[in-house]
Amino acid sequence: MAPQVVAATVGWSANRQAGQAGTEAASSALEQLPPSAPTQLALVFGSSWFDQHALLQGVRSALGEIPLAGESTAGEITSEGPASHSCVVVLLAIDGLTCGVGMGRDADQSPRVAGQRAAFTALQAFRGTSRAGLLLFGDGMVTGHAEVVRGLQEVLGTSFLIAGGMAGDDLQFAETYQYCQGEVASRSVVGILLGGSVKLGVGLEHGFAPISKPRRITRANANVLLTLDRKPAASVYEEYFGVDVVRRMRDEGLNRAGIAYPIGIQGESANQWLLRNVVSFGDDGSLACNGEIREGAWLQLMIGSRELALEAAQRAARQAIRSLNRTACVLVFDSAVRRVLLGPHHAAVEIERIRDVVGPSVPIAGCYTYAEQAPFDAGLSADALTGQTIASQTGSVLVAAIGV
Amino acid sequence: MSYLIYVVFTIGVLATLLLTVGANWSPHAAGMTMTLLGVLGYLAFKAEMAGRQLSELGRQLSELHRLQAAYDQLDQQTKLIIRTDLELHRTQEELDRRLASLMSLHQLGRQLEVSLRPDEVFSKLDAAVVTNFGFSKGAIGMCASLDAIQWCSLIGVSEPHAEALRAHLQASGLLKRVLTNPTPQVLRAIASLEPAQQRLLDLLQVPAAVIAGILPHSGPAGFLILGRTSAGAATSKADEELVAILTNHLAIAVENSALYEETWASRRELERKVQERTRELAEANAELVRLNKAKSDFVSSVSHELRTPLAAIKGYASLLASGQFGPLAKPQGERVAKMEKHADLLTQLITNLLDIARIESGRVTMERQPIPVEEFLNTIHDVIQPQLQAKHIRYTVDRDGVTALVGDPQHLPRVFINLLSNAIKYTPEKGAIRVGLKREGPSILATVSDTGCGIGPEDLQKLFQEFYRANDPINQQVRGTGLGLALVKRIVEAHQGRIAVTSERGKGSTFSVTLPAE
């Protein structure tokens, strides 16, 4: 009996011509695959700097009509470390792998419906019986990710493993893109349902710790934080950062101060924190965040450091591979804010740390994202997840391991 | 507190006893009294406990206040730490940005080094480079003159905006200022900003921008405008310095590419000229070869034609000299002898000319066979012996272990006989002539040295030319064809050898012949 093929390859190109970059990255990944292994799924991570249609066309010209999903990035990740203005293509060839790819549109208008549609179309394309989990790509500029996840869970079940990263656009905060088969879209979600013989292991960590006094969220509306302890939320922010810094934040939008000190909303247990970044300031003293805010919850300012961030990446990698016997590849969805916080040198060290955990022979690929999605207790295997809360947050690193 | 309880308790006991005594002692009253005392005791105990708890609560409250104060103090310190840390973050951010910019500048510099055309230089400044420098918008234009702007790269700027920007730069005079000022200008959206500059920021839709000219020594080549969509960031001194370095790089690259273009054009012109001259030379050479062959053919045919009548002349002169047609008078005999002598000279001249012509035309192939040196030199010595004896010249040979020469046995002796005949001719009586042989690597060096009158430097260059005779008194006395050394040179070269001469007037000459040893 022939041994089971468990192969995954990663191709990369920094060619300035979008079409050529796509073709080069795809061809490079294709060349590394064993000749007998048929390609079953392609994942594409492309810089938003490229002409997205030309990029995808370039990828498909090399790969042909195979299931494909991907998204634009705020930076790309390969085994060699972080990259920018480039394209990464991951090819999976695993005996017994079954997958289905689906897309849901208008995630900004009706996120729950978009989630339902993505899950439904992915299910329709899925030809197997055993489902391991769903990789999720979405629009990083859309704030209703929690609703998207609810939509997905309504179709797939609340105990189903859903994890992924939301697309970026090289920190321009203008428009992000999602790829599904040959299509490029914005304000959409793409779900990749994985199953058959494969397993999906995920680990989500952020490495931030609470630093300020806890405050009660007394008023909130969707992603807008209105009052804390019955005082305008911005005034509490000013207490800690000072008037000048907050004024700069008002002018510049999301800056390093906001990145370094995200707000943490306490989850169901004392050590669960949902991270949010403040993206804009309202005239009424409210703070608009990049994710849903739960009224009545406790909130604290969080602090991060480079060392904590690096340790978090290692923990996430360990969690991801824990339930796998053999890892084909590791996908890293790392928050764009962490890349800024870590700086160029330590961002490279972070990937090295992940490689140290998963082993040098396991290919690593991924991208820097605007938000990350995974169950709070991401270390649990899909079987053990029972009605878990899916954390949709920013500032964290999500490691997803695909294997058997 | 407890003191008050005991007082109350004691008063209670006394009051109970008084009530009991006052109510006439009875067992029922005693029981009531005891119960009352018990209740009082219990109440006193509870009051004591409550007092203690109250005291503890007060203490805890005080502790809580202290903890609250400490917590608030810690929170205040947290605020201080956060603000200090934010300053550090800001510095770190600036450092990271500058580092990324410098890295990008370094990479761009390497790319610019290999840019061969000015438009190629401008095209290197694309979106990736601009974003690596920390800017989000950019417009890079080439302009040979103030009214000819050609956009090379537009990052985050739409075509309609670019058109409006072009018109504004020209109409407002901003472009002229940029192209005449080597220092980058930082524009910030503040109240004191000139309306023309504010309009530029509005067109770019940025709150701040840097604008700078690309100014090589040869004259303005272009300009760039870089801006950030987020406020505050594009206003640092570092940005100004970075853009100044960048424009300098670009200016140097434009200059280099122009120089390269110029050099390339010169090289192409030079190559074209060289090719033209080479072709002309090749044609001239072919013509010379053709003429030389024609000359050789002519000499060859003329010599052939001359030889027959010359043989007849010589034959008849010999017959006349032998007296077959009757005795000759003395003057007649002398004239006939002169005829014979000149006929011999002419024959030798024709023979030499024919040999030269044959060798040149390739009709004579030199054999390559070993020639024993001893026999070779003896034969030559036999030929020149009478002349040596006549002038009492000392003749020596140094073979230095050389036992054989390789060459044509028919032609090689002519080389040595010619050289030795010349040596004897120019060496005075009782002089010396030396023949030397020596192995030098793959060759054999043969030298013929004499102690003759030597050759002037003006004659050395032309010595091997046909019909050239050195201008010296001996040549004026001794007649010669002027073809001997020319023939020697042709024979040596036909053997793949070389011939050279060194001489000093009054000190003799040395002819060196190098021949392949195998």
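The values are calculated or read from the model by the stated rules, or taken from the named source; none is laboratory data. Note that the structure is predicted; figures quoted are calculated from it, not measured. Please note: Cβ atoms are built from the backbone with ideal geometry, for glycine as well, and neighbour counts cover all protein chains shown. Remember, those area values only see protein heavy atoms, side chains included, never the ligands or the DNA or RNA. Shrake-Rupley method; radii C 1.70, N 1.55, O 1.52, S 1.80 Å.
Here is a check on your reading of the model: is residue B:365 open to solvent by 50 Å² or more (accessible area, probe 1.4 Å) and in a loop (DSSP other than H, G, I, E, B)?
Yes; evaluated as a whole, the condition is true for this residue.
Considering only residues that are outside any strand (DSSP E or B) and open to solvent by 40 Å² or more (accessible area, probe 1.4 Å), look in the stretch A:291-313 and name the one that is modelled with the highest pLDDT.
If we take residues in the stretch A:291-313 being outside any strand (DSSP E or B) and open to solvent by 40 Å² or more (accessible area, probe 1.4 Å), then A:311 is modelled with the highest pLDDT.
Quick one: which strands (runs of 3 or more DSSP E) lie wholly within the stretch A:153-218 and hold at least 1 residues that are under 27 Å from residue A:102 (Cβ atoms), modelled with pLDDT of 90 or more and open to solvent by 10 Å² or more (accessible area, probe 1.4 Å)?
A:178-180, A:183-185, A:189-196, A:199-205
Hey, could you check the stretch B:183-204 for residues that are open to solvent by 60 Å² or more (accessible area, probe 1.4 Å) and modelled with pLDDT of 85 or more and say which is farthest from the other protein chains (Cβ to nearest Cβ)?
B:183
Among (1) under 25 Å from residue A:111 (Cα atoms); (2) open to solvent by 40 Å² or more (accessible area, probe 1.4 Å); (3) within 14 Å of chain B (Cβ to nearest Cβ), where does residue A:251 come up short?
Failing condition for residue A:251: (1).
Test residue A:23 against the stated conditions and say whether it is under 22 Å from the mean Cα position of the chain (by Cα), among the β-branched types (Val, Ile, Thr) and crowded, with 19+ Cβ neighbours inside 10 Å.
Considered against the rule, which asks whether it is under 22 Å from the mean Cα position of the chain (by Cα), among the β-branched types (Val, Ile, Thr) and crowded, with 19+ Cβ neighbours inside 10 Å, residue A:23 comes out as no.
Tally up the residues in the stretch B:118-147 that are away from every other protein chain (no Cβ under 14 Å), modelled with pLDDT of 80 or more and in a loop (DSSP other than H, G, I, E, B), please.
Matching residues across the stretch B:118-147 total 0.
Against the conditions (1) open to solvent by 50 Å² or more (accessible area, probe 1.4 Å); (2) touching a helix residue (DSSP H, G or I) at 6+ places or on another chain (Cβ under 6 Å); (3) within 23 Å of residue A:290 (Cβ to Cβ), where does residue A:61 fall short? Just the number, please.
Of everything listed in (1) open to solvent by 50 Å² or more (accessible area, probe 1.4 Å); (2) touching a helix residue (DSSP H, G or I) at 6+ places or on another chain (Cβ under 6 Å); (3) within 23 Å of residue A:290 (Cβ to Cβ), residue A:61 misses just condition (3).
Residues are listed down the side, and each one gets a yes or a no for (1) free of Cβ contacts under 8 Å to residues at least 40 places away in the same chain; (2) among the charged types (D, E, K, R); (3) out of contact with any Ser or Thr (no Cβ under 8 Å at 6 or more places or on another chain); (4) over 21 Å from residue B:238 (Cβ atoms):
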site	(1), (2), (3), (4)
B:107	yes, no, yes, no
B:122	no, no, no, yes
B:134	no, no, no, no
B:164	yes, no, yes, yes
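Which of the residues that make up the stretch A:314-341 are at pLDDT below 90 and of a type in the set (S, T, N, Q)?
A:323
All but one of (1) modelled with pLDDT of 95 or more; (2) open to solvent by 20 Å² or more (accessible area, probe 1.4 Å); (3) in contact with a strand residue (DSSP E or B) (Cβ under 7 Å, 6 or more places away or on another chain) hold for residue A:96, so report the exception by its number.
Of everything listed in (1) modelled with pLDDT of 95 or more; (2) open to solvent by 20 Å² or more (accessible area, probe 1.4 Å); (3) in contact with a strand residue (DSSP E or B) (Cβ under 7 Å, 6 or more places away or on another chain), residue A:96 misses just condition (1).
Just one of (1) open to solvent by 30 Å² or more (accessible area, probe 1.4 Å); (2) assigned to a helix (DSSP H, G or I) trips up residue B:175, so point out which.
(1)
For the stretch B:422-449, give me the residue count where each residue is out of contact with any Phe, Trp or Tyr (no Cβ under 6 Å at 6 or more places or on another chain), β-branched (Val, Ile, Thr) and assigned to a strand (DSSP E or B).
Count: 3.
Quick one: which residue in B:388, B:349 is open to solvent by less than 50 Å² (accessible area, probe 1.4 Å) and at pLDDT 85 or above?
B:388
Tally the residues that are in contact (Cβ under 8 Å) with a residue 24 or more places away in the chain and within 11 Å of chain A (Cβ to nearest Cβ), restricting the search to the stretch B:89-105.
5
Can you tell me which condition residue A:15 does not meet? The list is (1) touching a helix residue (DSSP H, G or I) at 6+ places or on another chain (Cβ under 9 Å); (2) buried (at least 22 other Cβ atoms within 10 Å of the Cβ), and all the others hold.
If we test residue A:15 against (1) touching a helix residue (DSSP H, G or I) at 6+ places or on another chain (Cβ under 9 Å); (2) buried (at least 22 other Cβ atoms within 10 Å of the Cβ), just (2) comes out false.
So, in the stretch A:200-223, exactly how many residues are polar (S, T, N, Q), within 23 Å of residue B:78 (Cβ to Cβ) and away from chain B (no Cβ under 14 Å)?
Number of matching residues: 1.
Which ones in the stretch B:28-59 are touching a Ser or Thr at 6+ places or on another chain (Cβ under 6 Å) and open to solvent by 70 Å² or more (accessible area, probe 1.4 Å)?
Matches in the stretch B:28-59: B:36 only.
Are there any pairs with C-beta distances below 6 angstrom linking a residue in the stretch A:49-63 that is over 15 Å from residue A:75 (Cα atoms) and among the hydroxyl-bearing types (Ser, Thr, Tyr) to a residue that is in a helix (DSSP H, G or I) and open to solvent by 10 Å² or more (accessible area, probe 1.4 Å), with the two at least 6 apart or on different chains, and if so which?
A:61/A:23
Within the stretch A:26-52, restricting attention to residues that are of a type in the set (S, T, N, Q) and surrounded by fewer than 17 Cβ atoms within 10 Å (Cβ to Cβ), which residue is farthest from residue A:135 (Cα to Cα)?
Checked the stretch A:26-52; the qualifying residue farthest from residue A:135 (Cα to Cα) is A:36.
Name the one entry in A:318, A:276 that is farther than 18 Å from residue B:83 by Cα, in contact (Cβ under 8 Å) with a residue 12 or more places away in the chain, touching a Cys at 6+ places or on another chain (Cβ under 9 Å) and more than 13 Å from chain B (Cβ to nearest Cβ).
A:276
Among (1) free of Cβ contacts under 8 Å to residues at least 24 places away in the same chain; (2) of a type outside the set (S, T, N, Q); (3) open to solvent by less than 30 Å² (accessible area, probe 1.4 Å), there is one condition residue B:467 misses while meeting the rest; what is its number?
Failing condition for residue B:467: (3).
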